[in-house]
Each structure stands twice: as structure tokens, then as C-alpha cells.
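Let me begin by presenting the structure, written as C-alpha cells, before commenting on it.
What follows draws every value from the coordinates through simple rules; no lab data is involved. Just so it is clear, the structure is predicted and the values come from calculations on it, not from any experiment. Glycine gets a Cβ as well: all are built from the backbone with ideal geometry, and neighbour counts include every protein chain shown.
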Amino acid sequence: MAGDSGSGQFLYNLYNLYNLYNLLMSNRIGLCLTCVHSRRVESAKACVFWLCELSKTDPRFRKYPLLPVLSCAGYEKGEEGRGKREE
């Protein structure tokens, strides 16, 4: 069917767009994007920050690190983009 090739191409393009978005986000945010100790925080004014939970117990870590974080002694790989809203 003619419609199948169009929908297949659409899904292929969508997949490539998704991969490009992930690449751009990882370059912009760095290790915090996948660290178990980081939390995505969105303010009431829709500003997004990355909170380092290690900062609560270890003074070596900034509460809101400068992005992108390219190396970190506390980095532990986890899920991507976890977050909670804090106002």
C-alpha cells in the first residue's frame, strides 16, 4: 500500500529527530542528564535547573552545578531526565 511507505518514513524521521534531541540535550546538560543524584527542577516560571542531591551531604558538590557537567566524582549512571517540580 502507498500509505505504508509514507508512515514508515514518518516514523523513521521521528526516530532520527528523537535521537538528535537526546544528543543535543546530553551535550547541553552533560552527566547530570543521566546521574542518579541529579533531579530536574522546574520553577513556577518554567525555568529548568538540575539539582545535585549530593550537595545535601557533601560540600564538594554544588547544589546547582554549571552545565554542561563533563566530569564529576559523584556521577552514577541512572535513568535519563528524572525530575520533579519545585516552586
field: the chain: calculated mean residue ellipticity at 222 nm from DSSP helix runs of at least 4, using -39500 (n - 2.57)
entry: -11500 deg cm²/dmol
- prompt: Out of every Cα-Cα pair in the chain, what percent are more than 20 Å apart?
  reply: 45
- request: Compute the long axis of helix 2-29 from its Cα atoms, compare it with the longest principal axis of the Cα atoms of the chain, and write down the angle in degrees, 0 to 90, nearest 10.
  value: 20
- request: Beta carbons within 10 angstrom, averaged per residue: use that to sort the peptides 26-37, 52-63, highest first.
  value: 26-37, 52-63
message: Under 8 Å for C-alpha pairs, at least 6 residues apart: give me the relative contact order for the chain, rounded to a whole percent.
response: 34
- request: Would you grab the residues whose amide H sits under 5 Å from the one on residue 37? Only those 5+ places off in sequence or on another chain, please, with H modelled 1.01 Å from N.
  value: 76
